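K.L.:
One structure coming up, written as structure tokens, with questions to follow.
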Amino acid sequence: MKTLIAAITDALHLAMAQDETVVILGEDVGINGGVFRATDGLHATYGDARVLDAPLSESGIVGCAIGMAVTGLRPIIEIQFADYMYPAFDQLTSELAKLRYRTGGELSAPVVVRAPYGGGIRGGLYHSQSPEAYFTHTPGLTVVIPSTPYDAKGLLLAAAQHPDPVIFLEPKRLYRSVKESIPDDAYTVPIGPSRVVRSGEHVSVFAYGAMIPVCEEAATLANREGVTVDLIDLRTLYPMDVEGIVQSVKKTGRALIVYEAPKTCGYGAEIAATIAENAIEYLQAPVTRVAGPDTPFPYSIEGYYLPTPQRVFNALMQVALYR
Amino acid sequence: MFPQPKPTLPSDEMVRLYEHMVQIRLLDERAIKLQRSGRIGFYVTANGEEAAVIGTVAALQPTDWLFPAYRQIGCLLYRGYPLDSAIGQLFGNTVDATKGRQMPCHHSSAAHRFVSPSSVIGTQIVHAAGGGLTAKLQGKGDVSVTYFGDGATSANDFHSGLTFAGAYKTPTIFVCINNQYAISLPVSKQCGASQLSDKAVGYGVHGERVAGHDLEAIHTAMSQAVYRARQGDGPSLIEILTYRKDPHSSSDDANRYRPAEEAEQWPDPIATTRDTLIGRGVWSAEQDALLIGRLGQQIQQAIQRVQPLPLPGPESLFEDVYATLPPHLQQQRHALLTELSKTAGQQALVEEFPL
């Protein structure tokens, strides 16, 4: 049985063993093994030449990784918290995302940017944010969010071989709370397709990352009421698996979207628009969102902020019973 | 126009500053116990930085603006911030002026001109250049002070802050408390400069380094920087060299990356100041014991008053996003309160804070 964080560590070890151009760069990733211990043991195995503690500049980490990638290395970088991607925003969105395009395809920067995101650890304003929509709004980036140890390992190994930069957001509240048996050997989970978590007939639920277990719990509650849920884990947010979403809505005719980022202009808005564009004639209820409120993320009252199984269940029943 | 700083601290003044240093140490020790017993979620101490904090803030006027990082609670207490408010912030409860929104140790008080620190490293450095610019443009004679650590000197905003302050010659003082570590990274690996105060040169900023256990030297260096700033002679970078005696935070395990005996090579600012005062015949072991007893009791009583208070209600989530509550937030607040009235209860936390 492996936790999600152990699966990530596992993938990093394998990526480094498979490809000697893979290097790790980030704050406290060396002897300390990262603040969440994702890079535990890598420095002991590969040393200073391949596991580099970075000075305290996220913009520096991303910018340096771009330079390394252009000149022949494959950096897998760690931004200590997704909240700290903002100091690197320019390097991520203007540089990393656009390098291939602005060189007419001659150069690219296949950097994997790992960052723990989301709430649920009492991290307050600056250790809890969900920035995925900024990056799914940035052509040139690929955005991945796993929710299980199996997917985390397989998607990270796929990201390490991906020809373009990947923003790999890790649901930190699931790091140690979800466990499953996964293969010891290297394997990949393809970037792109969503995953059907559970199949149902009455309501489609679209979610990703830390909201998957919340939605599973809500789906179990709904099941007791006779409502079966088609729960889809997006896994790759960008590019979006339009076909997977549309197929599910065509089956159920009802859609609930769950994410913990602020509601307005969140990733769920794009899912809703995609459903409206591609499957509106199948809808039997309004497309509904359960999301974080449009406020910054609080500290001591974060339980009010995050979508809970109960809140998702309430919304699920509303959508299911809409006539 | 402004009085020249005196080269030494009068003994009674030094005793007063020492008392403030001891208060920080005692609060830190008590707060770590609260964290270990699960009553607060997180804490960062100023262990080894007490002289740096008090020696600098004591050289300022209460009207000077502070743009701190998260180990300068001592500045606020020095300026008379109530202990109950400080401790309430650690609980994030209803006496927390910032309404439970920030992690512990991210205090803020407009009345004390102590501007809320971010958790993002170094962002406040450039704010202090702006604060200095206001003082300069309005001819107020105020200075603007920012605190940050060795790690922050690598952040982009360090560059921006010193660039702007240097270019506009603002009355800004950059206090870099170099405690040797940015979480696990020693300063020797943080940058190639042999001393961080050297970085000032390239920005046209006065730079100097001072020993972190030497309260008098810190106070003198800061007083001179304040004098230069008020006179219109521009910004200074003061590097205060000390050692982070504790782990980075209550979540950190320093044994993973540094030997415990390393700390012994660095003098303790509290013990150093106490011994100096005793050596001068203005302080005694008996007085010290009484002080520790008195301050410890004050802290304990404040905790007892503050700890039982409730957390802010869910409606507070929506306040202060804007000056007035816009319609969409009114609607979201109504929806959340309606829903919570039907199904109360906060979600259990499932992962520990790691740093």
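K.L.:
Take the alpha carbon gyration tensor of the stretch B:214-313, find the square roots of its eigenvalues, order them as a ≥ b ≥ c, and report rounded if a/c is under 1.5; if not, report prolate when a/b exceeds b/c, else oblate.
P.N.:
On the way: a/c = 1.33, a/b = 1.28, b/c = 1.04.
Cα axes put the stretch B:214-313 in the rounded bin.
K.L.:
Per residue of chain B, what 222 nm ellipticity follows from adding -39500 (n - 2.57) for every DSSP H run with n ≥ 4, rounded to the nearest 500? Intermediate results must be reported in sequence, preceding the final value.
P.N.:
On the way: 11 runs with 148 residues, N = 355.
The per-residue figure over chain B is -13500 deg cm²/dmol.
K.L.:
Next question. For B:Lys33, list the lysines whose Cα falls under 17 Å from its own Cα; do not include residues on the same chain fewer than 8 positions away.
P.N.:
B:Lys245
K.L.:
Dipole size in debye (nearest 20) for the stretch A:180-310 around its Cα centre, Lys and Arg Cβ +1, Asp and Glu Cβ -1? Could you put the intermediate results ahead of the total?
P.N.:
Details: 9 positive and 17 negative charges, 72 e Å.
So the dipole magnitude of the stretch A:180-310 works out to roughly 340 debye.
K.L.:
For B:Lys6, give me every one of the lysines with a C-alpha distance below 28 angstrom, ignoring sequence neighbours fewer than eight places off in its own chain.
P.N.:
Result set, ordered by chain and number: B:Lys136, B:Lys140, B:Lys169, B:Lys199.
K.L.:
Same structure again: If you project the alpha carbons of the stretch A:97-168 onto their three principal axes, what span does each projection cover, largest first, in Å?
P.N.:
So the extents along the principal axes, rounded to whole Å, are 44, 28, 14.
K.L.:
Please report the spacing between the Cα centers of the stretch B:294-326 and the stretch B:166-237 in Å, no decimals.
P.N.:
So the two Cα centres are separated by 34 Å.
K.L.:
Something else about it: Suppose a student asked you for the relative contact order of chain B, using Cα pairs under 8 Å spaced at least 6 residues apart; what percent would you report? Mind showing how you got there, number by number?
P.N.:
On the way: 630 pairs, mean separation 74.7, N = 355.
It comes to 21 percent, rounded to a whole number.
K.L.:
Given charges of +1 on the Cβ of Lys and Arg and -1 on the Cβ of Asp and Glu, with all other atoms neutral, how large is the dipole of chain A about its Cα centre, in debye to the nearest 20? Can you show the working numbers first?
P.N.:
Working: 25 positive and 35 negative charges, 153 e Å.
Rounded to the nearest 20 debye, it is 740 debye.
K.L.:
Can you tell me the convex hull volume per residue for the protein assembly as shown, based on C-alpha atoms, in Å³ to the nearest whole number? It would help to have the intermediate numbers written out before the result.
P.N.:
Values: hull volume 110.8 nm³, N = 678.
Convex hull volume per residue, Cα atoms: 163 Å³.
K.L.:
Rounded to two decimals, what is the ratio between the C-alpha radius of gyration of the stretch B:262-337 and 2.2 N^0.38 Å? Walk me through the intermediate numbers first.
P.N.:
Numbers: Rg = 24.4 Å, N = 76, 2.2 N^0.38 = 11.4 Å.
Here the Cα radius of gyration is 2.14 times the empirical estimate.
K.L.:
Mind checking the mean number of beta-carbon atoms from other chains within 10 Å of the Cβ atoms in B:147-157? Walk me through the numbers on the way to the answer.
P.N.:
Details: counts 0, 0, 1, 1, 4, 2, 3, 7, 7, 8, 3.
So the per-residue partner count for this stretch is 3.
K.L.:
Could you work out the percent of alpha carbon pairs in the stretch A:137-180 separated by over 17 Å, rounded to a whole number? Intermediate results must be reported in sequence, preceding the final value.
P.N.:
Numbers: 321 of 946 pairs.
For the stretch A:137-180, the fraction of Cα-Cα distances above 17 Å is 34 percent.
K.L.:
How much net charge surrounds B:Lys189 when only the other residues with a Cβ under 13 Å from the Cβ of B:Lys189 are counted, with Lys and Arg +1 and Asp and Glu -1? Numbers along the way, then the final one.
P.N.:
On the way: positive: B:Arg258; negative: A:Glu27, A:Asp28, A:Asp48, A:Asp53, B:Asp150.
So the environment of B:Lys189 carries a net charge of -4.
K.L.:
Right, something else. Given 0.36 nm per residue, what is the gain on full extension from A:Asn278 to A:Tyr101 after removing their alpha carbon distance, in nm?
P.N.:
Working: separation 177, 0.36 × 177 = 63.72 nm, distance 2.90 nm.
The span from A:Asn278 to A:Tyr101 would gain 60.8 nm if fully extended.
K.L.:
Relative contact order of chain A: what whole-number percent is it, with Cα pairs under 8 angstrom and at least 6 residues apart? Don't skip to the end; give the middle numbers.
P.N.:
Working: 730 pairs, mean separation 52.0, N = 323.
In percent, rounded to a whole number, it is 16.
K.L.:
Chain B: D in µm²/s via Stokes-Einstein (Kirkwood Rh, Cα pairs, 10 °C, 1.306 mPa s)? It would help to have the intermediate numbers written out before the result.
P.N.:
On the way: Rh = 21.4 Å.
Rounded, D is 74 µm²/s.
K.L.:
Reachable aspartates and glutamates from B:Lys99, Cα under 13 Å, same-chain residues fewer than 8 places away excluded?
P.N.:
Within reach: A:Glu302, B:Glu315, B:Glu319, B:Asp320.
K.L.:
A further question follows. Taking every pair of distinct Cα atoms and averaging 1/r, then inverting, what Kirkwood hydrodynamic radius in Å comes out for the stretch B:194-239? The partial results should precede the final answer.
P.N.:
On the way: mean 1/r = 0.0920 Å⁻¹.
Computed over Cα pairs of the stretch B:194-239, the Kirkwood hydrodynamic radius comes out at 10.9 Å.
K.L.:
Averaged across the residues of A:23-35, what count of C-beta atoms belonging to other chains lies within 10 Å of each residue's C-beta? Don't skip to the answer; put the middle values down first.
P.N.:
Working: counts 0, 0, 0, 0, 8, 10, 2, 4, 5, 11, 3, 3, 9.
Per residue, the average neighbour count from other chains is 4.
K.L.:
Using Cβ contacts closer than 10 Å as the measure, can you line up A:Ile31, A:Ile212 from fewest to most?
P.N.:
Numbers: A:Ile31 16, A:Ile212 27.
Placing the least packed residue first, the sequence is A:Ile31, A:Ile212.
K.L.:
At what distance in nm do the modelled label points of B:Gln265 and B:Gln330 sit from each other, each positioned 7 Å from its Cα along Cα→Cβ?
P.N.:
So the two model labels end up 6.4 nm from each other.
K.L.:
To continue, here is another question. What does the helix-only formula give at 222 nm for chain A: each DSSP H stretch with n ≥ 4 adding -39500 (n - 2.57), the total divided by the residues, and the result rounded to the nearest 500 deg cm²/dmol?
P.N.:
Details: 11 runs with 110 residues, N = 323.
Helix contribution divided over all residues of chain A: -10000 deg cm²/dmol.
K.L.:
Let me know the shape class of the stretch A:89-230, please: from the alpha-carbon gyration tensor, a ≥ b ≥ c as square roots of the eigenvalues, rounded when a/c is under 1.5, otherwise prolate if a/b is greater than b/c, or oblate.
P.N.:
On the way: a/c = 1.93, a/b = 1.72, b/c = 1.12.
Taking the square roots of the gyration eigenvalues as a ≥ b ≥ c, the stretch A:89-230 is prolate.
K.L.:
Report the gain in length on full extension from B:Ala167 to B:Thr63: 0.36 nm times residue separation, minus Cα-Cα distance, nm rounded to one decimal. Provide the component values of the computation, followed by the final result.
P.N.:
Numbers: separation 104, 0.36 × 104 = 37.44 nm, distance 2.41 nm.
Extra length available between B:Ala167 and B:Thr63 comes to 35.0 nm.
K.L.:
How high is the FRET efficiency from A:Thr71 to B:Ala285, r the C-beta distance, R0 60 Å, rounded to 0.05?
P.N.:
0.40
K.L.:
Still on this structure, please answer the following. Give me the orientation-averaged projected area of the Cα convex hull of the stretch A:179-323, in nm², one decimal. The partial results should precede the final answer.
P.N.:
Working: hull surface 39.3 nm².
Directional mean of the projected Cα hull area for the stretch A:179-323 stands at 9.8 nm².
K.L.:
Take the Cα radius of gyration of the stretch B:83-196 and divide it by 2.2 N^0.38 Å, with N its residue count; two decimals is plenty. Numbers along the way, then the final one.
P.N.:
Details: Rg = 15.9 Å, N = 114, 2.2 N^0.38 = 13.3 Å.
Ratio of Cα Rg to 2.2 N^0.38 Å: 1.19.
K.L.:
If the elastic network links every pair of Cα atoms under 10 Å, which of B:Glu339, B:Glu19, B:Glu49 fluctuates the most in the Gaussian network model of chain B?
P.N.:
In this elastic network of chain B, the residue with the biggest mean-square fluctuation among B:Glu339, B:Glu19, B:Glu49 is B:Glu339.
K.L.:
Using a Förster distance of 35 Å, how high is the FRET efficiency between A:Glu180 and A:His137, based on the Cβ-Cβ distance and rounded to 0.05? Before the final figure, lay out the partial values.
P.N.:
On the way: r = 32 Å, r/R0 = 0.92.
The calculated FRET efficiency here is 0.60.
K.L.:
Taking R0 as 30 Å, what's the FRET efficiency between A:Ile31 and A:Phe89 from their Cβ-Cβ distance, rounded to 0.05? Numbers along the way, then the final one.
P.N.:
On the way: r = 29 Å, r/R0 = 0.96.
My answer for the efficiency is 0.55.
K.L.:
Let me know the shape class of chain A, please: from the alpha-carbon gyration tensor, a ≥ b ≥ c as square roots of the eigenvalues, rounded when a/c is under 1.5, otherwise prolate if a/b is greater than b/c, or oblate.
P.N.:
Working: a/c = 1.83, a/b = 1.66, b/c = 1.10.
Prolate shape, in that a/c is at least 1.5 and a/b is the bigger ratio.
K.L.:
Something else: When Lys and Arg each count +1 and Asp and Glu each count -1, what net charge do the other residues less than 12 Å away from A:Leu25, Cβ to Cβ, add up to?
P.N.:
Within the 12 Å Cβ shell, the charges total -3.
K.L.:
With a bin width of 5 angstrom, please list the P(r) values of the stretch A:1-77 as percents of all Cα-Cα pairs, from the 0 bin to the one holding the largest distance.
P.N.:
3, 17, 27, 26, 18, 6, 1, 0
K.L.:
Residue by residue through B:332-341, how many Cβ atoms from other chains fall within 10 Å of the Cβ on average?
P.N.:
Values: counts 8, 2, 0, 2, 4, 1, 0, 6, 4, 0.
For peptide B:332-341, the averaged partner shielding equals 3.
K.L.:
Among B:Leu337, B:Leu133, B:Leu60, which one shows the biggest mean-square fluctuation in a GNM of chain B, springs joining Cα atoms closer than 10 Å?
P.N.:
Among B:Leu337, B:Leu133, B:Leu60, the largest GNM mean-square fluctuation belongs to B:Leu337.
K.L.:
Based on the alpha carbon coordinates of the stretch A:1-141, what radius of gyration and maximum Cα-Cα distance (Dmax) apply, in Å?
P.N.:
Gyration radius and largest Cα-Cα distance of the stretch A:1-141: 14.9, 45 Å.
K.L.:
While we're on this one: Determine the dipole magnitude for the stretch B:207-248: charges of +1 sit on the beta-carbon of Lys and Arg, -1 on that of Asp and Glu, nothing else is charged, the reference point is the Cα centre, and the result goes in debye to the nearest 20.
P.N.:
Working: 5 positive and 6 negative charges, 19 e Å.
Value, rounded to 20: 100 debye.
K.L.:
Listed highest first by mean packing, meaning other Cβ atoms within 10 Å per residue, what order do B:84-90, A:250-256 come in?
P.N.:
Details: B:84-90: 23.7, A:250-256: 22.1.
In descending order of packing, they fall as B:84-90, A:250-256.
K.L.:
With a 10 Å cut-off between alpha carbons and a GNM built on chain A, which of A:Ala97, A:Ala69, A:Ala276 moves the most?
P.N.:
A:Ala276
No value in this document is a laboratory result; all are computed from the given coordinates. Predicted model, so just to flag it, every value in this text is computed and none were measured. Heads up, the Cβs are rebuilt from the backbone with ideal geometry, glycines too, and the neighbour counts pull from every protein chain shown.
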